[in-house]
Amino acid sequence: MTIKQFEELVLAKLKIVVDKIIIKNLELPISAKSRAGAEISDWMEEKFVEYTVENDFFDDSEAAPKGSTKNPWDARTKFVLEGHKEEIWIDFKAFKITSADSNPDIGTPNKIIKLINEGNFYHVFIHIFYEATDNGLKFVELNDSYSKLYFLKDISSTFRRNPKNQLQVNISAPSEYRTREEFIKLLMDKIKQSHLRQIEISNKALKRQDEITEELLKANKKSEDDLSKKIQ
């Protein structure tokens, strides 16, 4: 089995579990408001652990600690194959079907760097979609599927790092297979490009500082002179 075949198997087995959860729970009594995505994610974490208690391919599944907004994963599990256990980090992302063209933050690159440095690699994004109902929300299909799964290593090459040190990508951007080494090089290049953009912005701002200082001094002198005349 090649690395690519191994990765495809992981995603296929994950999708079976995720779709099973969704199909058995198509409607939820969760209000489809601004915090719905976070509530669905919390619910999916618990269900994923529940549905992999007795699973031939997943072991030691764990949901993120409640209230821990800085946790690097929503759930994590071990993919079991012929005695080998591979650590898998999972991020659940729930979106309103009307937001299928948005560009949300998907996390800091620091966590994937840490994951790789610790001897692991696989961080999976699982997208699910919903729409509002009279009693809450229901899961819906996008492109004939209830879920979209991809490894961070295979993220669309259109992704970017923003000044908040968050990675961003369009929800609808298709994933692109690449090797693990290719991903590391691409990620580092994207981070470098982001820092260079920030340096350019800062340099332009610095060049304006003397002009701004003179403008402020002139404006202040005029208002200060006017005030002095008025209070004499």
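Read the figures in this text as sums done on the coordinates, not as results from a lab. Values in this document were obtained by computation on a predicted structure and should not be read as measured data. Cβ atoms come from the backbone with ideal geometry, glycine included; neighbour counts cover every protein chain shown.
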message: Among the complete DSSP H segments of the chain, which ones combine at least 15 Å of alpha-carbon extent along their axis with a mean Kyte-Doolittle hydropathy of 0.0 or more?
response: 3-24
message: Modelling each spin label as a point 7 Å along the Cα-to-Cβ direction, I'd like the Met188/Ser102 distance in nm, to one decimal.
response: 3.4
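Please report the projected area of segment 60-191's Cα convex hull averaged over all directions, in nm². Let's see the in-between values first.
On the way: hull surface 39.4 nm².
So the Cα hull casts an average projection of 9.9 nm².
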task: Go ahead and collect, in residue order, the members of segment 173-202 whose backbone nitrogen is under 13 Å from a label point 7 Å along the Cα-Cβ direction of Gln209.
output: 202
CD proxy at 222 nm, helix term only [per DSSP H run n ≥ 4: -39500 (n - 2.57); per residue of the chain; nearest 500]: -15000 deg cm²/dmol
- request: For Ala132 and Lys221, calculate 0.36 nm times their separation in residues minus their Cα-Cα distance, and state this gained length in nm to one decimal.
  value: 26.2 nm
message: Compute a Gaussian network model of the chain, connecting alpha carbons closer than 10 Å, and tell me which residue from Ser102, Ser145, Ser172 fluctuates the most.
response: Ser145
- request: Only one of the values (i) 195; (ii) 172; (iii) 147 was calculated from this structure for volume of the Cα convex hull per residue in Å³; name its label.
  value: (i)
query: Taking the Cβ of Pro174 as the center, what net charge do the other residues with Cβ under 14 Å away carry, scoring Lys and Arg +1 and Asp and Glu -1?
result: -1
